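The values are calculated or read from the model by the stated rules, or taken from the named source; none is laboratory data. Here the structure is a predicted model, which means the values were calculated and not measured. Cβ coordinates were reconstructed from backbone atoms using ideal geometry, including for glycine residues, and neighbour counts include every protein chain displayed.
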Amino acid sequence: MRVLVTGSSGHLGEALVRTLRDRGADVIGVDIRPSEWTNVVGSVADTEVARQVMAGVDVVVHTATLHKPQVAFLPGQAFIDTNVSGTLALLDAAADAGVRAFVMSSSTTVFGDALVPAVGEPAAWIDESVVPVPKNIYGVTKAAAEDLCQLAFRNQGLPCVVLRVSRFFPEADDAPDTHEGRCDDNVKADEYASRRVALEDAVDAHLLAADRAPHYGFRRYVISATTPFRPEDLPQLRTDASRVFKHRAPRAAAIWAERGWRFPSRLDRIYVNDRARRELGWRPRFDLNAIAEMVATDGTVHTPLARQVGSKEYVASSYHRGTFRP
C-alpha cells in the first residue's frame with residue numbers, strides 16, 4: 001500500500017510518516033519545507049505537484065495546512081490558497097488517480113463561536129451534532145475544505161473522512177494569560193479532560209479512518225482524548241470545574257496536590273469522541289488518568305511520540321518561540 005502524507009514536515013505529518021515507515025508501508029511525504037520525513041518539496045496548492053505525487057497512491061492523509069497561530073502573521077489569501085485551493089487540488093488529483101481513501105485533518109477550531117456558551121449557560125458538549133460557527137479565517141478555510149471533501153465523495157465518488165482534531169502541539173499555549181497562573185505542563189495535562197489528544201492517538205485515528213473510509217464514504221469525527229466528564233456535569237463545569245475534576249479524576253487530583261498543581265476553575269467546552277470510538281474502533285490510549293500516571297512516574301506530560309517529534313516552526317510565525325500576537 002502506498003500512502004501519501006501531506007504536511008510531512010509538521011507535527012502530525014512527521015508522526016504519521018514515522019509510524020507508517022515503522023510498519024513497513026510505502027510512504028511519500030510532501031511539504032513546502034524539507035525534512036527527513038519529506039520526499040517531495042512543493043506546495044499542495046500546485047496542481048502539477050498534486051498530480052505528480054498522486055501516482056500509484058492508495059491512501060491520502062492530508063495534514064498540510066496553515067494553522068491558527070499564523071492568522072496573526074499571514075494574509076487571509078494565504079489560508080485560502082493552502083487550506084482551500086490546496087485541498088481541492090489534492091481531491092481532484094486523488095479522484096482522477098482512483099485513490100481508495102482520503103483522510104483530511106481538520107480542527108475543532110471550525111466550531112468557533114459554538115464553543116463558548118452564553119453567560120449562565122452550561123459548558124458545551126461538543127460532538128458531531130454541533131453546527132460550526134467559524135470565527136477566523138483559519139476556521140472558515142478548514143470548514144470549506146471539509147465541505148470540499150464531502151463534495152468530492154458526492155460528485156466524484158472519492159471516499160473521504162474528515163477528522164476534527166483537538167490540540168496536540170507541544171508548544172506553549174497561544175493565550176498563556178487565560179490559565180489562572182497554572183504552569184504550561186499543568187494546563188496541558190488538564191486539557192486531556194476536555195480539549196487535547198495525544199499525538200499517538202491522533203495518528204491511530206487517521207490510519208483507522210483510512211481503513212474505514214471506503215466503507216463509510218463520507219464522515220466527520222471529533223478526535224480528542226476520552227473525557228472523564230458526563231453530560232450532567234456541564235452546569236457545574238461552567239462554574240466550579242475544579243470540584244468536578246476532583247470527583248471524576250481522584251487519582252489525578254492526588255498527584256496534582258503533590259505537585260502543587262491546580263485544576264481550572266471553569267470550562268466552557270468538552271470535546272466528545274464517542275462516535276469515533278464507536279464507528280472507527282478507535283481506542284485512544286492517553287486520557288487524563290494516563291497522563292496523571294506519566295506525571296507521577298516520569299514527571300512529564302509529553303507522550304513518547306510527542307517527545308520524538310518535538311517542537312515545530314510555524315511558517316512565517318514566531319509562535320514556536322513563545323510569541324503570539326492576537
Next on the checklist: Can you tell me how many residues within the range 265-294 are buried (at least 20 other Cβ atoms within 10 Å of the Cβ) and either of a type outside the set (F, W, Y) or farther than 18 Å from V187 by Cα (or both)?
Outcome noted: 13
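Can you name the residue in the range 102-143 that is aromatic (F, W, Y) and closer than 29 Å to D46 by Cα and, of all such residues, is surrounded by the most Cβ atoms within 10 Å (Cβ to Cβ)? Give the steps one after another, and end with the answer.
Restricting attention to the range 102-143, the residues satisfying the condition of being aromatic (F, W, Y) are 102, 111, 125, 138.
Next cut, closer than 29 Å to D46 by Cα only: 102, 111, 138.
Numbers: F102: 28, F111: 23, Y138: 24.
My answer is F102.
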Next on the checklist: Give me the residue from the range 1-54 that is part of a loop (DSSP other than H, G, I, E, B) and hydroxyl-bearing (S, T, Y) and, out of that set, nearest to A93 (Cα to Cα).
Outcome noted: S43
Item to check | Failed criterion for V40 (all others in (1) among the β-branched types (V, I, T); (2) surrounded by fewer than 17 Cβ atoms within 10 Å (Cβ to Cβ); (3) touching a helix residue (DSSP H, G or I) at 6+ places or on another chain (Cβ under 9 Å); (4) under 25 Å from I223 (Cβ atoms) hold) | outcome: (4)
Checklist entry - For the range 158-190, how many residues are of a type outside the set (S, T, Y) and either surrounded by 24 or more Cβ atoms within 10 Å (Cβ to Cβ) or within 30 Å of M54 (Cα to Cα) (or both)? => result 13
Checklist outcome for this item: Here the residues within the range 169-196 that are farther than 15 Å from M294 by Cβ and either of a type in the set (D, E, K, R) or in contact with a strand residue (DSSP E or B) (Cβ under 7 Å, 6 or more places away or on another chain) (or both) are E171, D173, D174, D177, E180, R182, D184, S194, R195
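Just to be sure before I move on: is V99 crowded, with 21+ Cβ neighbours inside 10 Å, aliphatic (A, V, I, L, M) and under 20 Å from the mean Cα position of the chain (by Cα) in the structure I sent?
On the way: crowded, with 21+ Cβ neighbours inside 10 Å: yes; aliphatic (A, V, I, L, M): yes; under 20 Å from the mean Cα position of the chain (by Cα): no.
Answer is no for this residue.
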Checklist entry - Of the residues A89, A93, which single one is assigned to a helix (DSSP H, G or I), touching a helix residue (DSSP H, G or I) at 6+ places or on another chain (Cβ under 9 Å), in contact (Cβ under 8 Å) with a residue 12 or more places away in the chain and surrounded by fewer than 21 Cβ atoms within 10 Å (Cβ to Cβ)? => result A89
Checklist entry - Is one or more of the residues making up the range 55-69 touching a Phe, Trp or Tyr at 6+ places or on another chain (Cβ under 6 Å), modelled with pLDDT under 95, more than 24 Å from H215 (Cβ to Cβ) and part of a helix (DSSP H, G or I)? => result yes
Checklist entry - So which pairs qualify, if the first residue must be in the range 145-174 and in contact (Cβ under 8 Å) with a residue 60 or more places away in the chain, the second must be among the hydroxyl-bearing types (S, T, Y) and surrounded by fewer than 19 Cβ atoms within 10 Å (Cβ to Cβ), the Cβ gap must be under 7 Å, and the two must be at least 6 apart or on different chains? => result V161/Y216; P170/S311; E171/S311
Checklist entry - Residue check, Q236 against (1) part of a loop (DSSP other than H, G, I, E, B); (2) surrounded by 16 or more Cβ atoms within 10 Å (Cβ to Cβ); (3) in contact with a helix residue (DSSP H, G or I) (Cβ under 6 Å, 6 or more places away or on another chain); (4) modelled with pLDDT of 95 or more, all met but one. Which one? => result (1)
Checklist entry - Pairs, please: C-beta under 9 Å, at least 6 apart or cross-chain, first residue within 18 Å of M1 (Cβ to Cβ) and touching a residue at least 24 places away in the same chain (Cβ under 8 Å) and in the range 22-48, second polar (S, T, N, Q) and in a helix (DSSP H, G or I)? => result A25/T19
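Of the residues that sit in the range 191-202 and are crowded, with 21+ Cβ neighbours inside 10 Å, in contact (Cβ under 8 Å) with a residue 40 or more places away in the chain and assigned to a helix (DSSP H, G or I), which one is nearest to the chain's Cα centre (by Cα)?
Narrowing the range 191-202 to residues crowded, with 21+ Cβ neighbours inside 10 Å: 191-194, 196-199, 201-202.
Next cut, in contact (Cβ under 8 Å) with a residue 40 or more places away in the chain only: 192-194, 197-199, 201-202.
Checking the rest, the ones that are also assigned to a helix (DSSP H, G or I) come to 199, 201-202.
On the way: L199: 9, D201: 10, A202: 7 Å.
That would be A202.
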